[in-house]
Amino acid sequence: MFIFLIKMFMKRIVVLFFVCAAAVLLVLNFSCAKVAAAGNNNGGTKDSILVNIGANIIIPGYQALATNVNSLDSAITDFNSAPNSTKLSTVQTLFTNAYISWQAVSAYNYFGPASDAIPALTGLNIFPTTTAIIDTNISRNNDNVNTFANTSAKGFPALDYLLFGTNNTTLLADYTTDAKATNRQIYLAAVSADIKTEVNAILNQWLPSGGNYINTFETGTGNSISSSLGLLVNSIDQDFEITKNDCLGIPLAKIPVGTVSPILPNEVEAYYSGISIQLAVAETKAVQGIYLGNSANGNGLGLKTYLVNAEQQKNLKYNGGILSDTISLALTSTISNMQAIPDPLSATIQANPANADAVFAECQGLTALLKTDLPSDLMVSINYGDTDGD
Amino acid sequence: MKKITFPTLAFLIMTCCVSCTKTTTNTIYYTVPATYTFTNVNDSNQLMLLAMADQIVATVNLGNASGVVVNAQVLTDMFNNTGGYFNDSAHQLNASGLRLADYCSPLAKTDLLNYFDSIGVYSQSIVAASYGVAGVSPSSASPSKKYLLSPTGIFYSQVIKKAIMGGICAYEIANVYMTDSVSNSVDNNTVVPGSGTAMQHHWDEAFGFFGVPVNFPTSTTGLKYFGSYSNQVDAGLHSNSTIMNAFLLGRAAIDNKDLGGKQVQANIIIRTFDQLDAAAIVQEMKETDENINLGDSVAAYGTLSESLGFVRNLKYNTSSTRIITNAQIAQLEALYDNVNPANPNLYNFVGASVNTAAQIEAKTDAIRQLVGSIYGFNATELSLL
């Protein structure tokens, strides 16, 4: 407990502080035995774990996404010039590639350039898309996808509808012989162009040749709210909860929406293209990759490295075992069980949801590890969440 | 980090003596506990008043279910504690003789009674909310959260809650307890068992209105009203330790007849509560931006309404040390709606069919920057609020 000695002179108060043996720690002192990390320091000292995560995992992830959305956009331009089934097939394949590579980097959406951008990069994946708004926009040839009213009529979910919204024969007719074919092509091009613009802007912000956020990230040492570790843990937790809640929970009726919760199979991610599980797996694998530090070009320094160091320094135990191993096993198990859920998820939810229900429960357990136990051992505070209008 | 504005000396270890270069008369040493565990603390009245506020807000929120009518007279009666409307399971509120009305700034009382009337009218709607039409609409990101909105998109439930915070809690703390109620002429000698001297008791009552546990900020469990908001803006304002230290130091000063010290701490509390309300406006801009990024216009109307409540609270603060002027408050209100600042149209503010997210966030940033420039929050602090 703090004890203040107050020494009162006639007019002035001079306060002496001292701290007794059981003092509260004033400054969170985070040190890592195996890597150089010296407090919060954006002045130059780099943390080798952050270097690996930033340079070998995050930037390559954004580069892959940019490459894929650029290819997709070119293919869409080509498709619009003379729509046929071959070109449609190409566009649909490139869409799938792009969406999966989006999901591989969505865990970084809640800090740094992706989060500071206006519109925020998360706006590229607001699902379920509102098809009525898309149809109205096409009908009226309104292709300004960035008005606020179009928030759920743009991005990957909009492409999902525009490219897979009906069977290929009808779809092709919509882009060729239908009365609104030209408008539809324009809207398709606008949605894709917006994705390409936004993604490339974020990549540029990270690169040394552009905004050089990579430097900020690598030198953001320590574990405060604004440190790279703090931002990263909050971001991956937030994104994983979306996978848990929005990709699985709400469609499976595990999360009450109103007073009655029916299953909502139409509200899965990628409802039209039917790649919902592929996306959920990609996202969870991305979380695993950051944790193990080994995805993309990673060299194995990841969140687990921080955790293992903390466990060794402070002899931390978790339920009689070791948390860092528990998390590793939970990630592997969740991914494996998730992969076993058949796509399209919307059909599985209606026909045979037992596996998906079980994976949802497993995701809840993994969330607790990532959102409570991991941050606690790393002394990182979780500061996103339901501020319920206090 | 602890932030004390008067001069401090370096840390000493326990075994060290303080060296007194020259002891003048009236040198008093006293200890200050790290938690609010003084003798004779009794803030049970304030805890009951906050419980009454909770129940009024809960009653207002019944109107968030479409078709459920909330009776304005019931809300008014709860405010005046007549009619026995409180749920007495936790506290004996109905027979307590306490009335929120007695602890309310006159300006806030007028506003609250008007807000109750509005709730009474709008909750009669059976349609969804839309431009010019009161009703209930759900958040798009969290559809189980429903909002009763006014014809101009204002979520009065939150405006009411913020008016209670500013017009009752902060008003009482900063404008009543920290001024007349602990002035040097107030009795600080006669100790009443269970509540202390009059001066001690008033100080404790002020603490009771803060809404924090006795070991705040070590514990942040059960934070209410401004206790909760202090914690939400603490990264940018450092209000948790500033306010808590001032309460601790002030009560210790009173206990030891250090009236000068008491005054210093009272002034810190008065000033910090002013800044806290301003910081809360900025915090709601961040939440509004997040709702805009999610495309959740209804939730955005909710957080904008929260900020509006905090803006109106600035007027309830009658302290001569209040930073913002009346003219600046008018400027701030005009940023919500320059045509009708007294009843801003939040649908126009968001302008969903014409504005991009960037344009909407430029408006929230204008509010953020104006508050920042008036209250001296720098760019880093603004980003942390």
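Each value in this text was obtained by applying a stated rule to the coordinates, not by laboratory testing. Here the structure is a predicted model, which is why all the values come from computation and not from measurement. Heads up, the Cβs are rebuilt from the backbone with ideal geometry, glycines too, and the neighbour counts pull from every protein chain shown.
If each residue's Cβ is checked for other Cβ atoms within 10 Å, how do A:ASP143, A:ASP239 rank with the fewest at the top?
Values: A:ASP143 17, A:ASP239 22.
Going from sparsest to densest Cβ surroundings: A:ASP143, A:ASP239.
Counting each pair of different Cα atoms once, what's the Kirkwood radius of region A:304-390 in Å, rounded to one decimal?
Details: mean 1/r = 0.0667 Å⁻¹.
Hydrodynamic radius (Kirkwood, Cα pairs) of region A:304-390 is 15.0 Å.
Whole number please: convex hull volume per residue of the Cα set in region B:300-385, in Å³?
On the way: hull volume 8.5 nm³, N = 86.
Once divided by residue count, the hull of region B:300-385 is 99 Å³.
For a quick protection proxy, order the peptides B:323-334, A:153-164, B:103-114 by their average other-Cβ count within 10 Å, most packed first.
Sorting B:323-334, A:153-164, B:103-114 by mean packing, highest first, produces A:153-164, B:103-114, B:323-334.
Residue-wise, which Karplus ³J(HN,Hα) couplings in Hz belong to region A:264-275, taking 6.51 cos²θ - 1.76 cosθ + 1.60, θ = phi - 60°, and x for glycine or proline?
Those phi angles translate into 10, x, 6, 9, 6, 5, 6, 4, 6, 7, x, 10 Hz.
For chain B, what D do you get in µm² per second when you plug the Kirkwood radius from alpha-carbon pairs into Stokes-Einstein at 10 °C and 1.306 mPa s?
72
Based on the Cα gyration tensor of the protein assembly as shown, what are the three equivalent ellipsoid semi-axes, each the root of five times an eigenvalue, rounded to whole Å and given largest first? Provide the component values of the computation, followed by the final result.
Values: eigenvalues 492, 227, 106 Å².
Its equivalent ellipsoid spans semi-axes of 50, 34, 23 Å.
Determine the sum of side-chain charges near B:MET52: Lys and Arg each +1, Asp and Glu each -1, restricted to other residues whose C-beta is under 12 angstrom from that of B:MET52.
Values: positive: B:ARG99; negative: B:ASP54, B:ASP77, B:ASP88, B:ASP102.
Charge balance near B:MET52 sits at -3.
Show me the ranking of peptides B:183-191, B:349-357 by mean Cβ neighbours inside 10 Å, starting with the highest. The partial results should precede the final answer.
On the way: B:183-191: 12.2, B:349-357: 18.3.
Result, highest mean Cβ count within 10 Å first: B:349-357, B:183-191.
Taking amide H positions as placed in the peptide plane 1.01 Å from N, state which residues far from B:TYR147 in sequence (5 or more) or on other chains have amide H under 5 Å from it.
Result for B:TYR147 returns B:SER137, B:SER139.
Report, ordered by chain and residue number, the aspartates and glutamates lying within cross-link reach of A:LYS314, taken as a straight Cα distance under 18 Å and ignoring same-chain residues fewer than 8 apart.
Partners found: A:ASP325, A:ASP373, A:ASP377.
Using a 10 Å cut-off around each Cβ of peptide B:345-357, what is the average number of partner chain Cβ atoms that fall inside?
Working: counts 0, 0, 0, 0, 0, 2, 3, 5, 5, 4, 4, 10, 10.
What the average comes to for B:345-357 is 3.
Kindly provide log₁₀ I(q)/I(0) values, in the same order as q = 0.13, 0.19, 0.20 Å⁻¹, from the Debye equation applied to equal alpha-carbon scatterers of region B:96-238.
-0.77, -1.18, -1.22
One quarter of the convex hull surface, Cα atoms only: what value does that give for region A:154-290 in nm²? Could the numbers behind the result be given before it?
Working: hull surface 47.2 nm².
The orientation-averaged projected area of the Cα hull of region A:154-290 comes to 11.8 nm².
Inverting the mean 1/r over all pairs of different Cα atoms, compute the Kirkwood radius of chain A and quote it in Å. Can you show the working numbers first?
Numbers: mean 1/r = 0.0437 Å⁻¹.
The answer is 22.9 Å.
Tally Lys and Arg at +1 and Asp and Glu at -1 over the other residues with C-beta under 12 Å from the C-beta of B:VAL176: what net charge comes out?
Numbers: positive: none; negative: B:ASP102, B:GLU172, B:ASP180, B:GLU205.
Combined, the nearby Lys, Arg, Asp and Glu give -4.
Taking the Cβ of B:PRO143 as the centre, find all other residues whose Cβ is under 13 Å away and add up their charges (Lys, Arg: +1; Asp, Glu: -1).
Numbers: positive: B:LYS145, B:LYS146; negative: A:ASP246, A:GLU267, B:ASP296.
Overall, the nearby charge balance is -1.
From the alpha carbon gyration tensor of region B:26-140, can you work out the equivalent ellipsoid semi-axes (sqrt of 5 times each eigenvalue) and give them in Å, largest to smallest?
Working through the eigenvalues yields semi-axes of 38, 17, 14 Å.
Number of Lys pairs in region B:64-200 with C-alpha atoms less than 18 angstrom apart, excluding same-chain neighbours closer than eight positions?
Numbers: B:LYS109/B:LYS161; B:LYS109/B:LYS162; B:LYS145/B:LYS161; B:LYS146/B:LYS161.
Eligible lysine pairs with Cα atoms under 18 Å apart amount to 4.
In whole Å, how far is the Cα centre of region B:73-97 from that of region A:321-382?
Each part's Cα centre sits 47 Å from the other's.
Would you mind computing, in nm to one decimal, how far apart the modelled labels at B:ALA342 and A:SER336 are, each placed 7 Å from Cα along Cα→Cβ?
Those two pseudo-labels are separated by 6.9 nm.
Peptide A:118-126: average number of partner chain Cβ atoms within 10 Å per residue? Present the calculation step by step, with values, prior to reporting the outcome.
Numbers: counts 11, 8, 7, 1, 4, 5, 0, 0, 6.
For this peptide, the per-residue mean of nearby foreign Cβ atoms is 5.
Please compute the alpha carbon radius of gyration of region A:223-378, then divide it by the globular-protein estimate 2.2 N^0.38 Å. Two decimals is fine. If you can, show how the numbers build up before the last one.
Working: Rg = 16.6 Å, N = 156, 2.2 N^0.38 = 15.0 Å.
Expressed relative to 2.2 N^0.38 Å, the Cα Rg reads 1.10.
When the Karplus curve 6.51 cos²θ - 1.76 cosθ + 1.60 is applied with θ = phi - 60°, which whole-Hz ³J(HN,Hα) does each residue of region B:283-291 get, with x for Gly and Pro?
Whole-Hz 3J(HN,Hα) from phi for region B:283-291: 4, 6, 5, 4, 5, 5, 4, 5, 5.
Given the C-alpha centroids of region B:310-361 and region A:195-222, what is the distance between them in whole angstrom?
Cα centres, region B:310-361 to region A:195-222: 34 Å.
Provide a whole-number value for the mean count of partner chain Cβ atoms within 10 Å of the Cβ atoms in peptide A:142-152.
Values: counts 1, 0, 2, 1, 5, 9, 16, 9, 5, 10, 4.
The shielding value for this peptide is 6.
Two decimals is fine: what is log10 I(q)/I(0) at q = 0.16, 0.18, 0.25, 0.28 Å⁻¹ for region A:237-300, from a Debye sum with one equal scatterer on every Cα and no solvent?
-0.59, -0.69, -1.00, -1.12
Tell me, what ³J(HN,Hα) does each residue in region A:103-111 have, in order and in whole Hz, if you take phi through Karplus 6.51 cos²θ - 1.76 cosθ + 1.60 with θ = phi - 60° and put x for Gly and Pro?
Along region A:103-111, the couplings run 5, 6, 10, 5, 5, 9, 6, 9, 8 Hz.
Tell me, what is the FRET efficiency for B:VAL127 and B:LEU62 to the nearest 0.05, using R0 = 22 angstrom and their Cβ-Cβ distance as r? Display every interim value, and only then the final one.
On the way: r = 18 Å, r/R0 = 0.81.
With a Förster radius of 22 Å, E is 0.80.
If you count, for each residue, the other Cβ atoms within 10 Å and average over each peptide, how do A:230-236, B:93-99 line up from highest to lowest?
Details: A:230-236: 22.7, B:93-99: 15.3.
Ranking, from highest mean packing down: A:230-236, B:93-99.
Compute the Cα gyration tensor for region A:48-215, then decide on rounded, prolate or oblate, letting a ≥ b ≥ c be the square roots of its eigenvalues: rounded whenever a/c is under 1.5, prolate when a/b is larger than b/c in the other cases, and oblate in all that remain.
Because a/c hits 1.5 or more and a/b exceeds b/c, region A:48-215 counts as prolate.
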